[in-house]
């Protein structure tokens with residue numbers, strides 16, 4: 001794992017900065033695009049940056065979604081350490097690597113999934129688990145939400161969790177309003193609509209508890 005950077009306070013400017021990290025095959029890019037589509041539909045400026053590692057299942061994937069608080073507001077292209085109000089971690093190792101980007105007091109949604117690199121497995125190196133991730137993130141914020149054995153598709157379950165768990169003061173524009181998100185899901189994902197909405201709603205139920 002990379003060394004963790006010092007905690008930096010992120011002064012909120014009224015917008016919302018989200019970092020999604022995981023590995024290929026989890027729908028990380030789709031999750032980021034759904035959030036961006038919903039925000040754009042509200043007339044808010046949005047900046048989206050996706051980065052991909054090895055172009056196959058299991059390669060690192062990350063998405064940075066920056067959403068302005070008002071029309072015409074300019075956005076920086078990339079997130080800096082301490083700049084993410086929300087971090088969605090869909091793979092434990094990549095989640096821990098991304099911890100320096102979460103702002104102090106931000107929201108962390110941690111999915112219990114481990115993709116152990118073959119090199120680490122062959123060397124029998126220790127690989128962190130969800131408990132370790134929760135321990136590390138809890139040093140930075142009390143807003144840590146852990147998800148064990150989520151149903152597929154995991155990205156829509158995570159979106160449902162966020163829509164219920166995100167504090168209202170962090171989303172005054174209503175980007176994560178459930179009805180609005182369901183409308184976005186219907187328009188953006190043309191296949192398996194009923195199943196996708198069912199998983200999204202299960203995520204919301206989980207996020208309430």
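Details
- Looking only at region 29-72, and only at residues there that are surrounded by 19 or more Cβ atoms within 10 Å (Cβ to Cβ) and over 16 Å from the mean Cα position of the chain (by Cα), the one that is nearest to residue 185 (Cα to Cα): 44
- Residue 84 vs. criteria within 25 Å of residue 140 (Cβ to Cβ) and exposed (fewer than 13 other Cβ atoms within 10 Å of the Cβ): no
- For region 85-121, residues that are part of a strand (DSSP E or B), more than 16 Å from residue 28 (Cα to Cα) and within 14 Å of the chain's Cα centre (by Cα) total 5.
- Of the numbered criteria (1) out of contact with any helix residue (DSSP H, G or I) (no Cβ under 7 Å at 6 or more places or on another chain); (2) farther than 15 Å from residue 16 by Cβ; (3) touching a residue at least 24 places away in the same chain (Cβ under 8 Å), the one residue 119 fails is (3).
- Residue 75 vs. criteria surrounded by fewer than 19 Cβ atoms within 10 Å (Cβ to Cβ), part of a loop (DSSP other than H, G, I, E, B) and touching a strand residue (DSSP E or B) at 6+ places or on another chain (Cβ under 7 Å): yes
- Number of positions in region 135-146 that are surrounded by fewer than 21 Cβ atoms within 10 Å (Cβ to Cβ) and within 14 Å of the chain's Cα centre (by Cα): 3
- Among the conditions (1) touching a strand residue (DSSP E or B) at 6+ places or on another chain (Cβ under 8 Å); (2) in a loop (DSSP other than H, G, I, E, B); (3) under 21 Å from residue 15 (Cβ atoms), the only one that residue 150 does not satisfy is (3).
- Residue in region 106-122 that is closer than 24 Å to residue 206 by Cβ, modelled with pLDDT under 95 and touching a strand residue (DSSP E or B) at 6+ places or on another chain (Cβ under 8 Å) present: yes
- Subset of region 163-181 [out of contact with any strand residue (DSSP E or B) (no Cβ under 6 Å at 6 or more places or on another chain), assigned to a helix (DSSP H, G or I) and either buried (at least 19 other Cβ atoms within 10 Å of the Cβ) or on the phi > 0 side of the Ramachandran plot (or both)]: 163, 181
- So residue 187, is it more than 19 Å from residue 89 (Cβ to Cβ), assigned to a loop (DSSP other than H, G, I, E, B) and at pLDDT 95 or above: no
- Filtered residue count, region 152-182, keeping only those that are over 17 Å from residue 65 (Cα atoms) and touching a residue at least 60 places away in the same chain (Cβ under 8 Å): 4
- Any hit, region 195-206, residues being modelled with pLDDT of 95 or more, part of a loop (DSSP other than H, G, I, E, B) and surrounded by 19 or more Cβ atoms within 10 Å (Cβ to Cβ): no
- Subset of region 122-139 that is part of a loop (DSSP other than H, G, I, E, B) and in contact with a helix residue (DSSP H, G or I) (Cβ under 7 Å, 6 or more places away or on another chain) - its residue that is farthest from residue 110 (Cα to Cα): 127
The values are calculated or read from the model by the stated rules, or taken from the named source; none is laboratory data. Source: prediction; values computed, not measured. Glycine also receives a Cβ, built like all others from the backbone with ideal geometry; neighbour counts cover every protein chain displayed.
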